[in-house]
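Following: one structure in structure tokens, then a few remarks.
The values are calculated or read from the model by the stated rules, or taken from the named source; none is laboratory data. The structure displayed is predicted, hence computed values, not measured ones. In this analysis, Cβ positions are derived from the backbone assuming ideal geometry, glycine residues included, and neighbour counts consider all displayed protein chains. These area figures cover heavy atoms from the full protein model, side chains too; ligands, DNA and RNA do not enter into them. Shrake-Rupley method; radii C 1.70, N 1.55, O 1.52, S 1.80 Å.
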Amino acid sequence: VVLAQAVFGPVLARSLSSTEEQILSDVHDRLVDDYVVPLNEQELMRTGVRAMIEALGDEYSSFVGPDEVSTYHEQSSGRLIGIGAIIAEGGRVRYPQPGGPAERAGLRPGDQILAVDGESAEGMDVDVLVARIKGEPRTTVHLQLRRHRDGEIFAVEIPREAVPTGTVGRAEMLDPAQRLGRIHIRSFARSTPQELDAALDQLLEQGMQGLVLDLRFNRGGLLDAAVACAARFVEGGVICTLEGRGNTHQVRRADPDDYRDLDLPIVVLLNEHAASGSEVLAAALRDRGAAVIAGDRSYGKGVYQQVQKYEDGDFVIKFTA
């Protein structure tokens, strides 16, 4: 992290010490001062940082540049704009936002986007794909998709507009007679624990006596939010342990003040697209005896990424720690 911030001295104004840092700083300065055409210092610096991240050869480590930073912050905060859908790598719809234009158009979790306004989405970087879909408010986008369940190809035209916010889907009674409720957590953002509280309150007011916690298609998000969600169901204690370089350990614990003491039978529902924070939440509830797990085997990510923001450089890096 220090290297990423310090390596191009004049731009990020950090002192240099190692030979490697001095060499990289010198290359940056030399190109800025002497290259045949003028260079943008910040863009050159960001290109160098991006190359370092790519050199790791790690599918989970990434560079989030200026064009994608706003989208990253939207997802981390729980805010959504555009057609109201979160799109994963490969053009897969992670989920449509309840009440948003994508849901109204019939998009479902797992559907795959094949084309945008007649342009094939095959091999398209997810950030480029999202940018093509978002566009300007009060315009429309034409999508061709493949249905997740049966492979059916279909097309829709979706208006771009302001959409409801949130990472927790509908809270609903699956079986009013049995008083069985369902809450779908679609990702983990800063707003998720409070959204979960509101959903639980809504179902408890309807007399809920059992809960299906649906984590299908939840690819994760902020680990602290997943830990805080687990704290609603377990009274304090360890939620997960992060093992890093040099046998270092970080223990994440549930805050006892967040415990809801629901005294409900809980089933956590997973599928092969549930990963990262959703696996942490599911495992914590199972291991602590708060829930049983049903569904398909989850993704099995098993690694954790640190996030480092560089406001001056207008970028974010995520790397496996």
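Taking every DSSP beta bridge that has both residues in the chain, what percent is antiparallel when rounded to the nearest 5?
Roughly 70 percent of the beta bridges in the chain run antiparallel, per DSSP.
Rounded to the nearest percent, how much of the accessible area of the chain (1.4 Å probe, protein heavy atoms only) is carbon and sulfur? All intermediate terms of the calculation are to be shown ahead of the outcome.
On the way: 7630 of 16590 Å².
Its accessible area is 46 percent carbon and sulfur atoms.
In straight Cα distance, which lysines are under 21 Å from residue 318, not counting same-chain residues fewer than 8 positions off?
Cross-link targets: 301, 309.
Tell me which aspartates and glutamates have Cα within less than 20 Å of residue 134's Cα, excluding those fewer than 8 residues away on the same chain?
Straight-line reach from residue 134, under 20 Å: 67, 68, 74, 89, 103, 111, 117, 119, 122, 125, 157, 161.
Using the Cα centre of the chain as the reference point, and only Cβ charges (+1 on K/R, -1 on D/E), how large is the resulting charge dipole? Debye, rounded to the nearest 20. Kindly include the intermediate steps, with their values, before the conclusion.
On the way: 34 positive and 49 negative charges, 203 e Å.
In debye, rounded to 20, the chain gives about 980.
Could you give the nm distance between label points at residue 247 and residue 320, where each point is 7 Å from its Cα heading toward the beta carbon?
Reported label-point gap for residue 247 and residue 320 is 2.2 nm.
Of the trypsin sites (Lys or Arg not before Pro) in the range 91-166, which ones lie in a loop per DSSP and count no more than 13 other C-beta atoms within 10 Å? All intermediate terms of the calculation are to be shown ahead of the outcome.
On the way: sites: 92, 94, 104, 132, 134, 138, 146, 147, 149, 160; in loops: 138, 147, 149, 160.
Passing sites in the range 91-166 are 138, 149.
Report the equivalent ellipsoid semi-axes for the range 70-223 in whole Å, largest first, defined as the square roots of five times the eigenvalues of the gyration tensor built from alpha carbon atoms.
On the way: eigenvalues 166, 57, 37 Å².
Output for the range 70-223: semi-axes of 29, 17, 14 Å.
Counting other Cβ atoms within 10 Å, which GluC sites (Glu not before Pro) in the range 85-139 have at most 16 and lie in a DSSP loop?
122
In percent, how large is the relative contact order of the chain, given Cα pairs closer than 8 Å and 6 or more residues apart?
14
Which whole number in µm²/s is D for the range 206-303 by Stokes-Einstein, with the Kirkwood Rh taken over Cα pairs at 20 °C and 1.002 mPa s?
156
Specify the angular offset, from 0 to 90 degrees and rounded to the nearest 10, of the alpha carbon long axis of helix 66-77 from the longest principal axis of the alpha carbons in the chain.
30
Using Cα pairs under 8 angstrom and six or more residues apart, how large is the relative contact order of the range 108-219, in percent?
21
With a 1.4 Å probe and every protein chain left in place, work out the accessible area per residue of the range 18-138 in Å², rounded to a whole number. Mind dumping the intermediate values first?
Numbers: 6470 Å² over 121 residues.
Per-residue value: 53 Å².
For residue 240, which sequence-distant residues (separation of 5 or more, or a different chain) have an amide H within less than 5 Å of its own amide H, given hydrogens modelled in the peptide plane?
252
Tell me the angle of helix 19-34 to the major Cα principal axis of the chain, expressed in degrees between 0 and 90 and rounded to the nearest ten.
Approximately 70 degrees, to the nearest 10.
Could you pull out the GluC sites (Glu not before Pro) across the range 161-219 that fall in loop regions by DSSP (anything but H, G, I, E, B) with no more than 15 other Cβ atoms inside 10 Å?
Working: sites: 161, 172, 195, 205; in loops: 161.
The qualifying sites are 161.
With Cα Rg over 2.2 N^0.38 Å as the read-out, I listed (1) 1.36; (2) 1.12; (3) 0.94; which label goes with the value calculated from this structure?
Here Cα Rg over 2.2 N^0.38 Å agrees with entry (2).
Out of residues 5 or more away from residue 114 or on other chains, whose amide H comes under 5 Å of its own, with H placed 1.01 Å from N in the peptide plane?
144, 145, 146
Counting Lys +1, Arg +1, Asp -1, Glu -1, what net charge surrounds residue 279 among other residues with beta carbon under 13 Å of its beta carbon? Display every interim value, and only then the final one.
Numbers: positive: 216, 219, 286, 297, 301; negative: 272, 287, 296.
Its environment carries a net charge of +2.
Please list 249, 273 in order of solvent-accessible area, largest first, computed with a 1.4 Å probe with all protein chains present.
My answer, sorted largest first, is 249, 273.
Within the set of other residues whose C-beta is less than 11 Å from the C-beta of residue 101, count the net charge using Lys and Arg as +1 and Asp and Glu as -1.
Numbers: positive: 104, 160; negative: 103, 157, 161.
Here the charged neighbours net out to -1.
Quick one: angle between helix 192-205 and the longest Cα principal axis of the chain, in degrees between 0 and 90, rounded to 10, please.
10
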